[in-house]
């Protein structure tokens with residue numbers, strides 16, 4: 001049983017590095033804007049389905065992936081605009097957009113799932129060896145995640161990035177300091193869902209197909225990864241806050257893999273993940289500790 | 001020069017809880033004037049400050065700052081000219097950010113923002129200088145997260161933030177009321193020092209009559225959404241806390257009020 005797990009470690013690592021983008025996409029609005037967003041449940045499949053449709057239609061993988069990312073950013077911005085201008089709670093706005101994205105996915109692909117041959121993918125464009133060698137995938141995705149982390153950290157340290165964090169840290173103070181709160185919420189939601197869509201486009205190009213249901217339950221997985229990461233890395237500084245979702249994602253998917261290898265029924269997984277998130281949310285209230293990992 | 005004329009603000013218009021918060025306020029404040037705004041609870045002092053800051057939009061009237069009409073200018077744009085310190089120390093600073101990050105945000109209030117690195121050594125030097133004037137040791141704690149500071153330190157930081165670039169109008173909303181008496185004095189003295197040094201045009205809401213008499217160059221008394229007394233520096237001389245309280249009690253006496261207005 002443990003052998004199965006150990007054999008799966010590299011594949012799981014590749015998977016977790018891609019889903020790290022989802023955990024990042026949950027962290028950005030939730031932690032740095034203090035506004036929970038669940039558009040990721042729609043922007044990940046949107047990115048995946050857009051990429052699948054565009055690549056199979058003959059577009060080069062760079063442009064296809066780029067357009068998929070832009071589609072995700074647009075979905076996030078629409079959520080933010082619905083929240084800001086129609087005063088719909090951000091969670092409900094996200095559900096609306098994610099639900100509507102489902103129909104867009106079906107329209108874009110014209111079918112519920114679509115095969116994406118390996119030779120059309122970004123990885124194959126870089127080198128045909130990548131999709132055949134799991135170590136190359138690990139190295140490539142590891143480098144990509146590190147590059148995105150470095151970019152995010154640099155962004156959060158710019159004047160605009162700091163202003164975005166001010167919106168999350170004190171929404172009342174932000175306008176008094178000249179920060180246009182609405183603009184920053186739109187930017188933050190767009191950025192987060194662009195990352196989720198990038199994750200979707202990469203999933204499709206590694207597994208070789210897109211499916212409109214690929215986003216189902218992704219939010220809770222990402223949230224669980226974020227919670228685990230913050231428990232380990234902490235979130236006392238912006239560096240820790242940005243690194244935490246990636247660390248959490250890597251550990252969460254290994255834990256899931258370990259569970260499955262030791263006989264856990266895959267159909268019980270969503271219940272257990274949900275229960276885990278619930279316990280971490282409820283624990284500080286039950287034990288009466290004021291400083292919670294999940295506190296707002 | 002700040003000129004507010006014919007300001008009116010009604011909350012919850014057309015509902016059972018309708019409230020006329022500002023019922024026609026005309027107020028002209030000359031550059032460099034330090035105006036204390038006093039009055040009972042619900043007199044409209046804080047609402048007036050919120051209207052000037054752009055936090056609320058006014059139903060009627062105009063607000064002009066240095067010749068430009070800002071009546072319809074949103075709060076985040078007006079922030080380039082108007083700085084304010086809230087009563088609640090939690091409100092005036094971003095708790096999860098560090099001292100230097102808070103000051104950088106305040107610096108950008110007037111300067112705008114770009115994709116440049118937010119924290120630079122030039123800025124740190126500048127922050128250290130402006131914080132050392134407060135004599136609270138904050139200049140040694142630039143990297144400290146604000147949530148670990150005391151209420152007084154946070155309010156002193158809010159003061160440094162509001163004045164790091166001199167605003168055209170400084171609004172103080174009972175900014176020392178939530179502090180213990182000693183810290184309150186300390187923050188008040190630092191405020192007066194900075195205001196005098198930079199010659200800032202200041203509006204200070206306060207319940208502390210002694211502060212109003214000692215530090216302000218002019219005292220404006222509000223009641224039921226109106227300015228009911230306007231005491232200039234000449235008339236202020238010789239007035240004591242007792243006299244002010246006296247005027248509070250007799251605020252319904254129309255004759256006395258008319259006399260005050262003419263003065």
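Any read-out appearing in this document is the output of simple, stated calculations on the displayed coordinates, not a laboratory observation. Quick caveat, the model's predicted, so the values are computed rather than measured. Reconstructed Cβ throughout: ideal geometry from the backbone, glycine too, with neighbour counts over all protein chains shown.
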The rounded separation in angstrom of the Cα centers of region B:121-152 and region A:149-187 is 21
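How high is the relative contact order of region A:229-272, in percent, with contacts defined as C-alpha pairs under 8 Å that are six or more residues apart? Walk me through the numbers on the way to the answer.
Values: 27 pairs, mean separation 12.7, N = 44.
Reported relative contact order: 29 percent.
Using the C-alpha atoms of region A:73-184, what convex hull volume per residue, in cubic angstrom, is computed? Before the final figure, lay out the partial values.
On the way: hull volume 16.8 nm³, N = 112.
Convex hull volume per residue, Cα atoms: 150 Å³.
How crowded by other chains is B:81-93, given as the mean number of beta carbons from other chains within 10 Å of each beta carbon?
Values: counts 1, 2, 3, 3, 1, 3, 0, 1, 0, 3, 4, 5, 3.
The mean count of partner-chain Cβ atoms within 10 Å per residue comes to 2.
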Over the C-alpha atoms of region B:11-120, what are the Rg and the largest Cα-to-Cα span, Dmax, in Å? 16.7, 53
Rg and Dmax in Å for region A:16-74, alpha carbons only: what are they? 12.8, 41
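With an 8 Å cut-off on Cα pairs and a minimum separation of 6 or more residues, tell me the relative contact order of chain B in percent. Can you show the working numbers first?
Details: 464 pairs, mean separation 68.3, N = 263.
Value for chain B: 26 percent.
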What three numbers, in Å, describe the spread of the alpha carbons of the protein assembly as shown along their principal axes, ordered from the longest? 91, 49, 45
I need the Kirkwood Rh of chain B: take the reciprocal of the average 1/r across all distinct C-alpha pairs and report it in angstrom. 19.2
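Determine the percent antiparallel among the DSSP beta bridges restricted to chain B, to the nearest 5.
Details: 21 of 38 bridges.
The antiparallel fraction comes to roughly 55 percent.
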Ascending count of other beta-carbon atoms within 10 Å, so fewest first, for B:58, A:49, A:146, A:166: A:146, B:58, A:166, A:49
Suppose we keep just the DSSP beta bridges with both residues in the protein assembly as shown; what percent of those would be antiparallel, to 5? 60
Within region A:140-162, name every residue whose backbone N is under 15 Å away from a label modeled 7 Å from Cα of residue A:127 along the Cβ vector. A:140-144
Based on the Cα atoms of region A:1-47, what semi-axes does the equivalent ellipsoid have, where each is the square root of 5 times one gyration tensor eigenvalue, given in whole Å with the largest first? 29, 12, 8
Cα gyration tensor, region A:1-109 - rounded (a/c under 1.5), prolate or oblate: oblate
Let's test this: bin the Cα-Cα distances of chain A at 5 Å from zero up to the farthest pair and state each bin's percent. 1, 6, 12, 16, 18, 18, 14, 9, 4, 2, 1, 0
Can you tell me which of A:86, A:21, A:276 moves the most in a GNM of chain A? Springs connect C-alpha atoms under 10 Å apart. A:86
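Which of the three applies to region A:155-296, rounded, prolate or oblate, going by the alpha-carbon gyration tensor with a ≥ b ≥ c and a/c under 1.5 meaning rounded? Don't jump to the answer; show the numbers that get you there.
Numbers: a/c = 2.33, a/b = 1.39, b/c = 1.68.
It comes out oblate by the Cα gyration axes.
Go ahead and run the numbers for FRET between residue A:236 and residue B:23, Cβ-Cβ distance against an R0 of 56 Å, rounding to 0.05. Each step should come with its number before you reach the end.
Values: r = 49 Å, r/R0 = 0.87.
Between residue A:236 and residue B:23 the formula returns 0.70.
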Among A:60, A:133, A:105, residue whose mean-square fluctuation peaks in a GNM of chain A (springs only between Cα atoms under 10 Å): A:133
When only C-alpha pairs under 8 Å and at least 6 residues apart count, what is the relative contact order of region B:60-163, in percent? 35
Highest GNM mean-square fluctuation, chain A, Cα pairs closer than 10 Å: which of A:245, A:266, A:29? A:266
For chain A, what does -39500 (n - 2.57) per DSSP helix run (n ≥ 4), summed and divided by total residues, give at 222 nm, in deg cm²/dmol to the nearest 500? -25000 deg cm²/dmol
Euclidean distance between Cα centres, region B:71-91 to region B:184-229, Å: 18
